[in-house]
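The values are calculated or read from the model by the stated rules, or taken from the named source; none is laboratory data. The structure displayed is predicted, hence computed values, not measured ones. Note that we place each Cβ from the backbone using ideal geometry, even for glycine, and neighbour counts take in every protein chain shown.
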């Protein structure tokens, strides 16, 4: 397997979650109500899986490795654009959390903001994923030898191995302060 393989597999799961979110978005609009726990679940998926796990591998391993290469101007610009898109995803998710908190606290007007942020995410991620899968990952592969690609793949597996521990450490630590 090439190093981009796990990233593309992760994209498929993200797409599946986006399908669920899109379906729930239709239900939110039809019912003019939302289950705040569903938003919590969607946010956890986006923050933990799509951002920290998936974007973490891209930014902390792939992109950092590429920074040491003599990238074409087009590839460097695309990589910077992808990083900016990751930041956009984080900001959008933060707005979703804020709106969900307001909704949970009785502000029914926050429902519109929840819908806007969900729609932004389900529109944004497919284009971002396609750009990575079809343009950036194939271009990135040309900058690495087979041995370097396999070493990166090993770093991806190690990154994933540590993620479950990082995730649940963030669950326990706030509870210890109670």
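Being touching a helix residue (DSSP H, G or I) at 6+ places or on another chain (Cβ under 6 Å) and touching a residue at least 40 places away in the same chain (Cβ under 8 Å) narrows it down to one residue among 36, 126; which is it?
On the way: 126 fails: touching a helix residue (DSSP H, G or I) at 6+ places or on another chain (Cβ under 6 Å).
The unique qualifying residue is 36.
Report yes if some residue within the range 65-76 is under 16 Å from residue 17 (Cα atoms), touching a residue at least 24 places away in the same chain (Cβ under 8 Å), surrounded by 16 or more Cβ atoms within 10 Å (Cβ to Cβ) and out of contact with any helix residue (DSSP H, G or I) (no Cβ under 6 Å at 6 or more places or on another chain); otherwise report no.
We begin by selecting, within the range 65-76, every residue under 16 Å from residue 17 (Cα atoms); these are none.
Checking the range 65-76: not a single residue is under 16 Å from residue 17 (Cα atoms), touching a residue at least 24 places away in the same chain (Cβ under 8 Å), surrounded by 16 or more Cβ atoms within 10 Å (Cβ to Cβ) and out of contact with any helix residue (DSSP H, G or I) (no Cβ under 6 Å at 6 or more places or on another chain).
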Only one of 33, 27 is more than 14 Å from the chain's Cα centre (by Cα), over 24 Å from residue 137 (Cβ atoms) and not in a helix (DSSP H, G or I). Can you tell me which? 33
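Yes or no, residue by residue, for (1) at positive phi; (2) in a helix (DSSP H, G or I); (3) buried (at least 19 other Cβ atoms within 10 Å of the Cβ):
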| position | (1), (2), (3) |
| --- | --- |
| 95 | no, yes, no |
| 99 | no, yes, yes |
| 108 | no, no, no |
| 113 | no, yes, no |
| 126 | no, yes, no |
| 131 | no, yes, no |
| 139 | no, yes, no |
Any chance residue 16 is farther than 25 Å from residue 168 by Cα, part of a helix (DSSP H, G or I) and at pLDDT 95 or above: no
The lone exception for residue 164 - which of (1) touching a helix residue (DSSP H, G or I) at 6+ places or on another chain (Cβ under 9 Å); (2) modelled with pLDDT under 95 it fails: (1)
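Conditions (1) without any contact (Cβ under 8 Å) to a residue 60 or more places away in the chain; (2) farther than 30 Å from residue 29 by Cβ, marked per residue:
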residue	(1), (2)
103	no, no
108	yes, no
117	yes, no
121	no, no
147	yes, yes
175	yes, yes
